[in-house]
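This report concerns only the one structure given below.
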Amino acid sequence: MHQFHPSILRAYDIRGVVGETLSAKDAFALGQAFAAMLIRAGGKSVAVARDGRASSPELENSLVNGLRSTGVDVHQLGLGPTPMLYFGVKHLNLDAGVMVTGSHNPPTHNGFKMVMLDKPFYGDDILALGKLAATVDGAARGGSKLQTHDLRDVYAARLASDYRAATGLKVVWDAGNGAAGAVLKNITDRLPGTHELLFADVDGKFPNHHPDPTVPENLRDLQRRVAETNADVGIAFDGDGDRIGVVDRGGRIVWGDQLLAILARDVLARHPGATIIADVKASQVLFDEIKRLGGVPLMWRTGHSLIKAKMKETGAPIAGEMSGHMFFADGYYGFDDGLYCAVRLLNYLAASGQDLAALLDELPRVVNTPELRIPVDEARKFAVMEEIKSRLQKNPDLQVNDVDGVRVTTPDGWWLLRASNTQAALVGRAEGKNEAALDRLTALLKEQLAASGVAFILGGH
């Protein structure tokens with residue numbers, strides 16, 4: 001019987017501060033409860049992998065012991081990115097997978113991402129796991145087999161097999177000392193072109209910069225090196241390799257929605273009329289571009305597990321998030337894989353002869369805010385959103401999408417407000433046709449916050 005710290009059971013994963021809210025005992029209990037749920041669902045085999053944090057080996061060892069105590073078979077894949085764990089589940093025909101990773105969080109943090117029976121394991125699954133851990137008797141069942149596999153070359157070969165262009169590009173890669181570095185050279189050695197790798201040594205202290213490519217300051221080394229070498233493109237990854245960041249030859253950041261707009265050209269050429277999914281934070285430019293290319297845009301809730309589930313439901317060949325999670329079901333497995341996305345992007349650019357900077361220039365220009373995080377008490381944030389939604393829906397002149405918070409479209413553009421899944425905060429964003437339009441949209445957002453007694457004070461990322 002085990003009680004997790006209530007703060008670590010998150011919407012999409014389990015995450016905490018090692019030695020404070022997360023321990024090896026938690027990893028063991030998680031292994032037991034996860035295995036018990038898998039057995040009840042008819043499964044018996046689990047892949048396990050880890051990122052490069054100092055705490056990951058101990059957590060992985062306890063997790064494996066917890067899993068094996070129930071009798072399930074465990075397949076250890078060692079050090080590598082989260083998408084290699086997802087790939088391993090598919091490649092080895094296993095029933096489930098658990099990744100020990102703190103993703104892009106500080107070195108003191110760690111956690112677990114899970115898949116079970118070909119579905120993301122999140123939300124109610126995680127809550128059920130927490131309840132089950134409190135009741136599992138902890139008695140060892142025995143009969144578990146343990147196998148180890150080194151899939152780095154197999155994984156790299158699978159990714160590189162989808163690079164079919166006859167020529168290569170000049171590329172600078174920044175692994176940010178994250179887990180992508182464990183396989184990056186295996187991949188680039190199989191690609192044509194010229195490749196320079198930055199910070200590809202895995203170091204869980206992240207000595208060069210934080211591994212989160214959505215934060216511009218974390219891309220400065222990449223931008224500098226792209227300029228110095230006159231490279232065609234620069235590519236970065238987050239701490240566990242399931243998210244991608246891209247810069248063009250001029251150092252401009254290609255944001256997640258812009259990247260998806262460019263990738264949509266390639267996918268819709270093969271799947272005319274297909275549905276393409278993006279989260280509610282994405283620019284209207286993306287949804288308009290998908291329509292222009294003959295696709296069907298679908299706006300969905302933010303969160304990689306939610307997007308993966310919606311892809312399965314709709315049969316969408318590709319999806320993406322502003323955060324840099326990119327999902328290919330076209331030619332691949334449908335999970336978020338920053339490394340695979342990089343291969344597909346480079347292949348498209350080389351095969352089409354198109355320059356990334358020129359493709360970016362073709363997209364309409366709009367002005368937008370960065371992501372706004374407004375601190376709100378955890379107990380109040382969902383009630384505030386309900387109040388705002390109720391007020392907006394009473395106004396017949398407004399176009400309101402409430403699939404995830406509220407996204408309000410006006411002739412000026414749009415603004416978004418939603419409750420954060422991971423913090424005591426509301427997350428906002430606005431996009432206008434010009435600066436004056438953006439000011440009007442931001443004023444509307446502030447007005448709604450004020451009506452619910454929330455001050456427009458920005459919090460941390």
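With the convex hull of the Cα atoms taken as the outline of segment 379-437, the averaged projected area works out to 4.5 nm². Using the 1.4 Å probe convention, the accessible area of segment 242-384 works out to 34 Å² per residue with neighbouring protein chains retained. The trypsin sites (Lys or Arg not before Pro) found in segment 115-174 that occupy coil by DSSP, while having at most 12 further C-beta atoms within 10 Å, are LYS145, ARG164.
Between ALA269 and MET1, the FRET efficiency estimated from the beta carbon spacing at R0 = 56 angstrom works out to 0.50. These residues, ASP73, ASP279, go from largest to smallest accessible area, 1.4 Å probe, as ASP73, ASP279. Across segment 235-375, Cα pairs under 8 Å and at least six residues apart give a relative contact order of 26 percent. Cross-link partners of LYS394 among lysines, defined as those whose alpha carbon lies under 21 angstrom from its own and excluding same-chain residues fewer than eight positions apart: LYS381, LYS446. When a 1.4 Å probe is rolled over the protein heavy atoms, the share of accessible surface on the chain that falls to carbon and sulfur comes to 51 percent. Peptides 399-406, 206-213, ordered by how many other C-beta atoms sit within 10 Å of their residues on average, highest first, read 206-213, 399-406.
The charge dipole of segment 317-461, taken about its Cα centre with unit charges on the Cβ atoms of Lys, Arg (+1), Asp and Glu (-1) only, comes to about 420 debye.
Per residue, the chain reaches -11000 deg cm²/dmol at 222 nm when only DSSP H runs of four or more residues are counted, each adding -39500 (n - 2.57). Projected label points at VAL367 and LEU127, each 7 Å from Cα along the beta carbon direction, are separated by 4.2 nanometres. When the Kirkwood radius is taken over all Cα pairs of segment 330-377, what Stokes-Einstein diffusion coefficient follows at 10 °C and 1.306 mPa s, in µm²/s? The estimated diffusion coefficient comes to 111 µm²/s. Classify the chain: rounded, prolate or oblate, from the alpha-carbon gyration tensor (a ≥ b ≥ c, eigenvalue square roots; a/c under 1.5 rounded; otherwise prolate if a/b is larger than b/c)? Oblate shape, in that a/c is at least 1.5 and b/c is the bigger or equal ratio. By the gyration tensor of its Cα atoms, with a ≥ b ≥ c the square roots of the eigenvalues, what is the shape of segment 125-168: rounded for a/c under 1.5, prolate for a/b over b/c, or oblate? Judged from the Cα gyration tensor, segment 125-168 comes out oblate (a/c at least 1.5, b/c at or above a/b). Distance between the 7 Å Cα→Cβ label points at VAL154 and ASP118: 1.9 nm.
Within the assembled protein chains, the solvent-accessible surface assigned to VAL115 is about 30 Å², based on a 1.4 Å probe.
For the modelled label position 7 Å from the Cα of ALA424 along Cα-to-Cβ, which residues of segment 372-387 have backbone nitrogen atoms closer than 19 Å? 373-386, by backbone N distance to the label point.
Give the Debye-formula value of log10 I(q)/I(0) at each listed q (0.12, 0.14, 0.22 Å⁻¹), with one equal scatterer per alpha carbon of segment 157-249, two decimals each. Results for segment 157-249 at q = 0.12, 0.14, 0.22 Å⁻¹ read -0.33, -0.46, -1.10. Rolling a 1.4 Å probe over the protein chains gives VAL454 an accessible area of about 20 Å².
The calculated FRET efficiency for ALA358 paired with LEU146, based on their beta-carbon distance and R0 = 60 Å, is about 0.70. Counted over segment 137-281, the DSSP beta bridges are approximately 40% antiparallel. With both residues required to sit in the chain, DSSP beta bridges show an antiparallel share near 60%. Taking every alpha-carbon pair in segment 1-142 and binning the separations at 5 Å intervals from zero gives 2, 12, 23, 26, 23, 12, 3, 0 percent. Which of the three applies to segment 224-379, rounded, prolate or oblate, going by the alpha-carbon gyration tensor with a ≥ b ≥ c and a/c under 1.5 meaning rounded? Because its axes are fairly even, with a/c under 1.5, segment 224-379 counts as rounded. Across all C-alpha atoms in segment 68-227, the radius of gyration and Dmax reach 18.7, 59 Å. Heavy-atom accessible area, probed at 1.4 angstrom with all protein chains present, ranks LYS308, LYS119 as LYS119, LYS308, highest first. When the P(r) of segment 298-338 is calculated, the portion above 11 Å amounts to 57% of the C-alpha pairs. Sorted from longest to shortest, the spans of the Cα atoms of segment 307-454 along the three principal axes equal 53, 34, 28 Å.
Taking a straight Cα-Cα cut-off under 17 Å and skipping sequence neighbours fewer than 8 places away in the same chain, the aspartates and glutamates within cross-link reach of LYS389 are ASP397, ASP402, ASP404, GLU447. For segment 361-403, the calculated P(r), taken from all Cα-Cα distances in 5 Å bins from zero up to the bin holding the longest distance, is 5, 15, 16, 16, 20, 14, 7, 6, 1 percent. Only lysines eight or more places from LYS312 in sequence, or on another chain, were considered; those with a Cα closer than 27 Å are LYS44, LYS90, LYS113, LYS119, LYS281, LYS291.
The values are calculated or read from the model by the stated rules, or taken from the named source; none is laboratory data. Values in this document were obtained by computation on a predicted structure and should not be read as measured data. Every residue, glycine among them, receives a Cβ derived from its backbone with ideal geometry; neighbour counts consider all protein chains shown. We work out accessible area using only protein heavy atoms, side chains counted, and drop any ligands, DNA or RNA first. Shrake-Rupley method; radii C 1.70, N 1.55, O 1.52, S 1.80 Å.
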